[in-house]
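The block underneath contains the structure these notes are about, expressed in structure tokens.
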Amino acid sequence: MFVELMPLLAGRTVLITVAKVDDKTLRVNVIPHGKADENPALTTPLTYTGPPEELDAELGKHLAGYVQTHQQAASTLAEAKATLEAAAKAAQEEAKRKAEERKKVTQKAPATATTAEPASSAPSTPGEPVPCSASTGTLGLFPPTTPEPAPTQSKGGLAL
């Protein structure tokens, strides 16, 4: 049994409790205790209940499977953490690169805007209004006629 526990003991303490359930049955709890910042999934206990003869014969096999599953979970969690950290770093670098590109574009845009001539087909001087439509007389700001609101009839306080 202790040979199977050796890999689980690497870097942590394992608490084992044995309790008598009845005259023919025992309950064994194997509880790994890790570091305070360790994922709680790695501290899931193993509980095995059975007669002492069965515990003698089977507990070692169950502990071996438990330890293997525990190690796989620890490895998977470490890989996931590394992947997430790499993705976060790549996203930060991408955001920084895009911010620098925007900064370059905004610095170049005012310089080109001051040197470029406005393209227009008819020459105009500043301060001279350009009428949109000669027939309206409103320079296209308002529609030629303002529609009147539709008449409503009131019956019993409700508008129809």
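The values are calculated or read from the model by the stated rules, or taken from the named source; none is laboratory data. Predicted, not measured: the structure shown is a model, and the values here were computed from it. Every residue, glycine as well, gets a Cβ built from its backbone with ideal geometry; the counts of neighbours run over all protein chains shown.
Structural remarks
- Residues within segment 66-83 that are touching a Leu at 6+ places or on another chain (Cβ under 9 Å) and small (Gly, Ala, Ser), tallied: 2
- Picking from residues in segment 18-30 that are β-branched (Val, Ile, Thr) and surrounded by 13 or more Cβ atoms within 10 Å (Cβ to Cβ), the one that is modelled with the highest pLDDT is 25.
- Residue within segment 88-100 that is out of contact with any Leu (no Cβ under 9 Å at 6 or more places or on another chain), farther than 21 Å from residue 27 by Cα, at pLDDT below 85 and not hydroxyl-bearing (Ser, Thr, Tyr) present: no
- Residue within segment 31-47 that is in a loop (DSSP other than H, G, I, E, B), of a type in the set (Gly, Ala, Ser) and surrounded by fewer than 11 Cβ atoms within 10 Å (Cβ to Cβ) present: yes
Conditions tested, residue by residue: (1) under 16 Å from residue 7 (Cβ atoms); (2) of a type outside the set (Lys, Arg).
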position	(1), (2)
28	no, yes
35	no, no
40	no, yes
45	no, yes
55	no, yes
58	no, yes
62	yes, yes
72	yes, yes
89	no, no
